[in-house]
Amino acid sequence: MPEKKKVGFASSFGFIMAAAGSAIGLGNLWGFPYKTAKGGGAAFVILYILSVLLLGAVTMLSEMHIGKRVHANPVTAYKSVSRKAGWFGLVAVLIPFFITCYYCVLGGWTVKYALNSFSGNSGIIASFSTNTGEVILYTAIFVALALAIIGAGVEGGIEKLSKILMPALFAILLGIVIYSLSLGEGVKEGITFYLKPDFSNISFSTVLLAMGQAFWSLSLGMGIMLTYGSYCGQDINLVRSTAMICIFDTLVALLAGLAIFPAVAHFDPALLDGSKGLALIYIILPQVFESMGAIGKIVSFFFFTMVTIAALTSIMSLYEVCTQFVLQKFHTHRKRSITIVSILCLIISIPVGISLGHVGILEESSPALFGLDWLTFFDEVTNTVLMPICALFACIGIGWILKPEVAIREMREEGTVISDTLARVYTIFVKYITPLLIIVIEIGGLKSEIQAGNIGVVVTAVVLMLICIAVYFRFYVNAYTGTNDDERLVKNEL
Ligand code: PHE
């Protein structure tokens with residue numbers, strides 16, 4: 001019988017680019033720079049790097065291995081760790097679904113800004129973000145791009161495009177950093193604003209901020225690294241890949257700040273202080289590009305193209321988790337699965353887009369959920385409450401249920417090189433330290449939600465989890481929930 005080709009990544013480089021593509025997103029390009037500038041500069045960077053090492057890398061390796069050992073979607077993968085725990089997989093499929101609903105709106109905004117670079121984006125935010133028709137149009141364009149890529153499959157779509165897009169992103173970023181650092185006047189002030197160490201700024205909440213940022217930036221605590229891990233074959237070394245992804249992700253985040261702040265300080269130092277969150281990239285930077293004169297249009301085009309690429313490779317991974325599950329569980333063709341998932345997300349993204357245009361930036365009252373704009377609401381439900389829970393189970397699953405010795409043996413059998421010393425360190429972390437840190441994040445997050453009066457966020461997250469538990473035990477615990485082989489079978493059925 002001819003050897004059947006497995007569904008998955010064809011090369012280690014392709015896998016690393018795809019996973020780094022997921023990790024490198026809006027969180028790196030504007031989340032990290034402004035949090036660093038506000039959170040104590042280089043002092044925050046140290047905390048961040050520690051979080052990546054102690055928390056991020058360990059969780060990433062664990063999630064990837066849980067996926068790789070069974071080559072299946074998160075529900076099957078978590079179920080294979082413990083029958084009673086398969087519902088974590090359902091939560092892990094639901095989280096990317098909700099994130100997609102707002103991430104695609106921001107992706108749409110970015111596409112608009114890239115295309116509009118030559119007319120100038122300065123001051124367009126108010127009219128653009130409240131023009132619902134236009135927001136939906138650009139969101140749809142962005143989703144269509146993602147759909148076209150994922151529809152072509154893991155190897156033919158995600159891997160192929162990531163191998164082109166990620167080096168392109170890096171090249172654009174380096175180009176902008178060089179330009180920005182060569183501006184002369186203001187560069188020093190910009191770098192000082194960004195990186196000047198301020199240890200007095202470090203408090204427990206900054207530590208939480210750094211850990212949360214690492215989590216988000218590395219795309220952990222949902223099905224992503226599990227799903228991507230499931231597409232890895234024997235030739236992919238998970239330890240090396242984890243190291244490369246973490247380094248690449250952190251490097252891009254650091255460089256993003258060096259691209260942004262020196263240019264802001266050079267062209268419009270008064271704007272430095274307003275540089276936070278969404279405003280940094282959609283309000284402040286367009287003003288800076290305008291002050292650059294003619295070259296500003298070109299820099300703006302490259303900058304927003306780079307952000308679009310980052311958002312696109314991230315949303316691909318979000319969609320892939322949901323698509324993989326729908327495809328495998330319901331035996332629907334890949335293209336049909338992704339269409340179903342994206343139509344649902346697009347419908348939900350409409351109120352998100354409307355709400356964001358009115359509340360997120362312009363601070364007027366408009367559609368809200370429990371007093372928050374839709375983006376913030378989804379973000380808090382997933383990021384603050386649900387993601388740490390899924391990540392915790394990845395660590396507990398390996399540390400206490402599968403046992404680290406078994407997981408390490410399996411990893412070695414499956415082509416991962418892991419030295420004895422590293423194995424010992426990983427064992428201690430995955431059993432004790434990382435779970436403990438994740439519990440700290442979860443409790444810190446819950447506390448801040450309750451203090452802020454966001455009871456609706458906590459209640460929604462709990463209800464979603466209860467629904468996952470109920471659905472899992474009613475329908476999935478004893479049923480077949482699919483593996484990656486199903487994709488080949490579905491293809492052959494057609
Ligand atoms: N890691 C991405 C970023 O830094 C965000 C993301 C989160 C992407 C979750 C996919 C999944 O922006």
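List of remarks:
- Distance between the pseudo-spin-label points of LEU344 and ARG474 (7 Å out from Cα toward the beta carbon): 1.5 nm.
- Per residue value of the accessible surface for region 19-487 (all protein chains in place, 1.4 Å probe), Å²: 36
- Here the Karplus relation 6.51 cos²θ - 1.76 cosθ + 1.60, evaluated at θ = phi - 60°, turns the backbone of region 71-82 into coupling constants of 6, 8, 5, x, 5, 4, 5, 5, 5, 6, 7, 7 Hz, with x for every Gly and Pro.
- Its Cα centre serving as origin, region 19-487 has a Cβ charge dipole (Lys and Arg +1, Asp and Glu -1) of approximately 880 debye.
- 3J(HN,Hα) along region 137-146: 4, 5, 4, 5, 4, 5, 5, 4, 4, 4 Hz, from the Karplus curve 6.51 cos²θ - 1.76 cosθ + 1.60 with θ = phi - 60°, whole Hz, x for Gly and Pro.
- Computed from backbone phi, the HN-Hα couplings of region 39-56 come to x, x, x, 4, 4, 5, 4, 4, 4, 5, 5, 4, 5, 5, 6, 7, 10, x Hz, rounded to whole numbers (Karplus: 6.51 cos²θ - 1.76 cosθ + 1.60, θ = phi - 60°; Gly and Pro given as x).
- Residues of region 423-451 with amide N under 15 Å of a point placed 7 Å along Cα→Cβ from PHE370: 445-451
- Segment SER200-ARG412, length gained on full extension (0.36 nm per residue, minus Cα span): 71.9 nm
- Spatial separation of Cα centroids for region 245-274 and region 450-494, in angstrom: 38
- Backbone amide hydrogens, once placed in the peptide plane, bring LEU369 within less than 5 Å of TRP374, excluding anything fewer than 5 places away on its chain.
- Positive-end residue of VAL252, LEU54, THR427, charge dipole of region 19-487 with Cβ unit charges: THR427
- Alpha-carbon centroid distance for the pair region 275-350 / region 61-127, whole angstrom: 10
- Taking the charge dipole of the chain about its Cα centre, with +1 at Lys and Arg Cβ atoms and -1 at Asp and Glu Cβ atoms, the residue from GLY31, ASN73, PHE44 reaching farthest to the positive side is ASN73.
- Built from the Cα atoms of the chain, the convex hull projects on average onto 22.3 nm², one quarter of its surface area.
- With every protein chain in place, the chain: carbon and sulfur % of accessible area (1.4 Å): 68
- Estimated FRET transfer efficiency when R0 is 41 angstrom, pair VAL462-LYS38 (beta carbons, to 0.05): 0.85
- GLU189/LEU251 FRET efficiency (R0 22 Å; Cβ-Cβ; nearest 0.05): 0.40
The values are calculated or read from the model by the stated rules, or taken from the named source; none is laboratory data. All of these numbers come straight from a predicted model, not from anything done at the bench. Here Cβ is always computed from backbone atoms with ideal geometry, including for glycine, and neighbour counts include all displayed protein chains. Just so you know, the surface numbers come from the protein's heavy atoms only, side chains and all, with ligands and any DNA or RNA stripped out. Shrake-Rupley method; radii C 1.70, N 1.55, O 1.52, S 1.80 Å.
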